[in-house]
């Protein structure tokens, strides 16, 4: 009945059962966190009745079912965290919707996958792409999962973890050292040749 309520944080309270559909009555809600509880069941359709929702965190529960398509119609949403649940099926969002989010996390849902013809693998969602039956092709790489859990910008094309960045730097430094060594060797040879020529001319002059 709190129609003017804008923020509701019930995270980490050991709450159980299904998320009540009456949460859709909180029509002014902008920020909702139900993370780190034991909620089960599906994500209620009544969320579609909360048009101004900006921040939605349902991570680390036991939610099942598929991700509702109506979430992509929430025009103001910027933070969407559905990680570490039991969600399954195909991620129903397109590239432009995900790029419009500041945070998008779905890792830790082993039966969830994405359509690789719709979403690029560069998004690093922490889940596998789907086969023709809408099932995950293979478990997600550990690297992607860790990025999904630790990075707020896990869908950024340019996002690399520290290890890969360091590896790239090492690769970059390697050739430079090699080129430097070759340059020094060539310089030494040229110097030696010039020195021998000068010595030879001196000897002839005597």
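The values are calculated or read from the model by the stated rules, or taken from the named source; none is laboratory data. Bear in mind that the values here come from a model prediction, so they are computed numbers and not experimental data. Backbone-built Cβ (ideal geometry, glycine too); neighbour counts: all protein chains shown.
Quick notes on this structure:
- Test: residue in the stretch 128-139 that is under 24 Å from residue 34 (Cβ atoms) and either surrounded by 15 or more Cβ atoms within 10 Å (Cβ to Cβ) or modelled with pLDDT of 95 or more (or both): no
- Test: residue in the stretch 26-44 that is in the same structural domain as residue 125 (by TED's automatic domain parsing), farther than 25 Å from residue 136 by Cα and in contact with a helix residue (DSSP H, G or I) (Cβ under 7 Å, 6 or more places away or on another chain): yes
- Residues (farther than 24 Å from residue 91 by Cα and not in a helix (DSSP H, G or I)) located in the stretch 18-36: 26, 27, 28, 29
- Which listed residue, of 39, 70, 97, 93, is buried (at least 19 other Cβ atoms within 10 Å of the Cβ) and not in a loop (DSSP other than H, G, I, E, B): 39
- Hey, residue 119 in contact (Cβ under 8 Å) with a residue 40 or more places away in the chain, more than 21 Å from residue 41 (Cα to Cα), under 15 Å from the mean Cα position of the chain (by Cα) and assigned to a loop (DSSP other than H, G, I, E, B) or not: no
- Note on the stretch 73-90: residues that are surrounded by fewer than 17 Cβ atoms within 10 Å (Cβ to Cβ) and over 23 Å from residue 36 (Cα atoms) amount to 3.
- Residues of the stretch 48-60 that are free of Cβ contacts under 8 Å to residues at least 40 places away in the same chain and surrounded by 22 or more Cβ atoms within 10 Å (Cβ to Cβ): 53, 56, 58.
- Among the residues of the stretch 42-67, the ones that are assigned to a loop (DSSP other than H, G, I, E, B) and closer than 19 Å to residue 17 by Cβ come to 9 in all.
- So residue 89, is it at positive phi and in contact (Cβ under 8 Å) with a residue 40 or more places away in the chain: yes
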